[in-house]
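**Student:** This structure is in structure tokens; I'll ask about it shortly.
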Amino acid sequence: MAESSEAKVIPIRGRRGAGPDSDPSASSNYEELPGIGESLREAASLLAQGLAARTLGDDWQSKVSKGLAFARRRLTGDYEVDDLGFDPDLTENVLLAILRPLYHSWFRVEVRGIENIPAVGGALLVANHSGTLPLDGLMTHVAVHDTHPAHRHVRMLGADLVFRMPVVSELARKGGTTLACNEDAERLLDAGELVAVFPEGYKGLGKPFSERYKLQRFGRGGFVAAALRTGVPIVPCSIVGAEEAFPLLGNIEPLARLLGVPYVPITPTFPWLGPLGLVPLPSKWIIAFGDPISTDAYDRDAAEDPMLVFDLTDQVRETIQHTLYALLLDRPEAF
């Protein structure tokens, strides 16, 4: 019978050398196995870093660090909220972060004339209002904060309906929005804040798609009076793209009266697609800030001159309207 051969037995971990028949050569080879565990740990670490980089970007470590620091501040109460409820820490780290994918990837917002916004001190942004839902105000806040060298926040003036809505009211306050009244506007402007107003109000926000980019009446010029009393510049702001995001085709008036809201919109997707109909269309946006209109040459009493207020209001409105037409010609297509 041929010489019998025995299979080489590799010792099980933890039993190496545990017996008189253990193989010395196998024991010595096993000394290299612990290095495999270290290699696996390194591979797992690299894989985790790769997944984090793909999810959060190449600066994922900085983002994770900022996120942990933000959580610590919220837990310890180490953050500030002003008298009107504005929470800059929450706004910068949560609210604007949520809006940025919409701003960059969906609407592909292009900003022009950001140098016309002062680096310090009060200023009043006056913009056209459109698009069924007030996304134009949110995108303007992101545009100014992210593209201005001073990363300034915009304090929006909102209608009273905003502050009657649960959840929305709280988020609006924390995001810097306050009631659209002269008292609050002047208080913020005197404090050196950047304030934004949309004089068309719901008339502009809820106008039909057939009247897109045609400015509605600017009210009685209360925003001009506020600028005159505080001596801050007025910066016209023209926004193209919001009209196509939610094209308003009709209004369900009986339901709007029942709910106590200005309108219940009918758009190409709402209410036909249910909640999905609230997703805006990916229109191309341009936000342009015009040359500032100075008011510091007037004294506070000039705000009581109705003709001056009317002339400045008309000047701002005409500037925004002409800029809208120019931007529409410059924009290659809506989507």
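**Student:** With the requirement that a residue be surrounded by 12 or more Cβ atoms within 10 Å (Cβ to Cβ) and part of a loop (DSSP other than H, G, I, E, B), what does the range 253-279 give you?
**Tutor:** Answer for the range 253-279, where residues must be surrounded by 12 or more Cβ atoms within 10 Å (Cβ to Cβ) and part of a loop (DSSP other than H, G, I, E, B): Val261, Pro262, Tyr263, Val264, Thr267, Pro268, Thr269, Phe270, Pro271, Leu273, Val279.
**Student:** Given the criteria among the acidic types (Asp, Glu), exposed (fewer than 14 other Cβ atoms within 10 Å of the Cβ) and not in a helix (DSSP H, G or I), does Glu318 qualify?
**Tutor:** The answer is no for Glu318.
**Student:** Moving to a separate point now. Collect the residues in the range 182-191 that are surrounded by 22 or more Cβ atoms within 10 Å (Cβ to Cβ) and either of a type in the set (D, E, K, R) or farther than 19 Å from Ala150 by Cα (or both), keeping them in residue-number order.
**Tutor:** Result: Ala185, single match.
**Student:** Which residue out of Arg173, Arg164, Arg152 is under 18 Å from Pro88 (Cα atoms), out of contact with any Phe, Trp or Tyr (no Cβ under 9 Å at 6 or more places or on another chain) and charged (D, E, K, R)?
**Tutor:** Residue meeting the stated conditions: Arg152.
**Student:** Looking at the range 67-109, which of its residues are β-branched (Val, Ile, Thr) and out of contact with any His (no Cβ under 9 Å at 6 or more places or on another chain)?
**Tutor:** Thr76, Val81, Val94, Ile98, Val109
**Student:** Quick test for you: out of Leu194, Leu179, Leu248, pick the one residue that is touching a strand residue (DSSP E or B) at 6+ places or on another chain (Cβ under 8 Å) and surrounded by fewer than 17 Cβ atoms within 10 Å (Cβ to Cβ).
**Tutor:** Numbers: Leu194 fails: surrounded by fewer than 17 Cβ atoms within 10 Å (Cβ to Cβ); Leu248 fails: surrounded by fewer than 17 Cβ atoms within 10 Å (Cβ to Cβ).
Only one candidate passes the filter, namely Leu179.
**Student:** Taking the options Ser210, Ser238, name whichever one is at negative phi, of a type in the set (S, T, N, Q) and at pLDDT below 90. Working first, answer last.
**Tutor:** Working: Ser238 fails: at pLDDT below 90.
Of Ser210, Ser238, the one residue that is at negative phi, of a type in the set (S, T, N, Q) and at pLDDT below 90 is Ser210.
**Student:** Here is a further query. I need a count of the residues in the range 172-202 that are in a helix (DSSP H, G or I), aliphatic (A, V, I, L, M) and touching a helix residue (DSSP H, G or I) at 6+ places or on another chain (Cβ under 8 Å).
**Tutor:** Summing the residues that are in a helix (DSSP H, G or I), aliphatic (A, V, I, L, M) and touching a helix residue (DSSP H, G or I) at 6+ places or on another chain (Cβ under 8 Å) in the range 172-202 gives 3.
**Student:** Being assigned to a strand (DSSP E or B), surrounded by 21 or more Cβ atoms within 10 Å (Cβ to Cβ) and touching a Leu at 6+ places or on another chain (Cβ under 6 Å): is that true of Val232 here? Full working, then the answer.
**Tutor:** Details: assigned to a strand (DSSP E or B): no; surrounded by 21 or more Cβ atoms within 10 Å (Cβ to Cβ): yes; touching a Leu at 6+ places or on another chain (Cβ under 6 Å): yes.
Taking the combined requirement at face value, the residue does not satisfy it.
**Student:** Name the single residue, out of those in the range 110-140 being touching a His at 6+ places or on another chain (Cβ under 7 Å) and not in a loop (DSSP other than H, G, I, E, B), that is farthest from Ala97 (Cα to Cα).
**Tutor:** It comes out as Ile114.
**Student:** Might you check whether a residue that is surrounded by 20 or more Cβ atoms within 10 Å (Cβ to Cβ) and of a type in the set (Phe, Trp, Tyr) occurs anywhere in the range 280-296?
**Tutor:** yes
Table: residues versus (1) at pLDDT below 65; (2) surrounded by 11 or more Cβ atoms within 10 Å (Cβ to Cβ).
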residue: Ala44; (1), (2): yes, no
residue: Leu56; (1), (2): yes, yes
residue: Lys63; (1), (2): no, yes
residue: Asp78; (1), (2): no, no
residue: Thr91; (1), (2): no, yes
residue: Pro118; (1), (2): no, yes
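**Student:** Now for a separate question. What residue, of Ala302, Ala227, is on the phi < 0 side of the Ramachandran plot, crowded, with 21+ Cβ neighbours inside 10 Å and either aliphatic (A, V, I, L, M) or without any contact (Cβ under 8 Å) to a residue 12 or more places away in the chain (or both)? Even if it seems obvious, please write down each step before you answer.
**Tutor:** Details: Ala302 fails: crowded, with 21+ Cβ neighbours inside 10 Å.
Exactly one residue qualifies, and that residue is Ala227.
**Student:** Now, a different point. What pairs can you find where one residue is in the range 107-127 and more than 22 Å from Pro199 (Cβ to Cβ) and among the acidic types (Asp, Glu), the other is modelled with pLDDT of 95 or more and crowded, with 20+ Cβ neighbours inside 10 Å, and their Cβ atoms are less than 6 Å apart, with a gap of 6+ or different chains?
**Tutor:** If the second residue must be modelled with pLDDT of 95 or more and crowded, with 20+ Cβ neighbours inside 10 Å, the pairs left are Glu110/Ile286.
**Student:** Quick check on my filter: what residues within the range 141-169 are in a helix (DSSP H, G or I) and either hydroxyl-bearing (Ser, Thr, Tyr) or in contact (Cβ under 8 Å) with a residue 12 or more places away in the chain (or both)?
**Tutor:** Scanning the range 141-169 gives His141, Val142, Ala143, Val144, His145, Asp146, Thr147, Asp160, Leu161, Val162, Phe163, Ser169.
The values are calculated or read from the model by the stated rules, or taken from the named source; none is laboratory data. These numbers come from a predicted model, not from an experiment. No Cβ is skipped: glycine too gets one built from the backbone with ideal geometry, and neighbour counts run over all protein chains shown.
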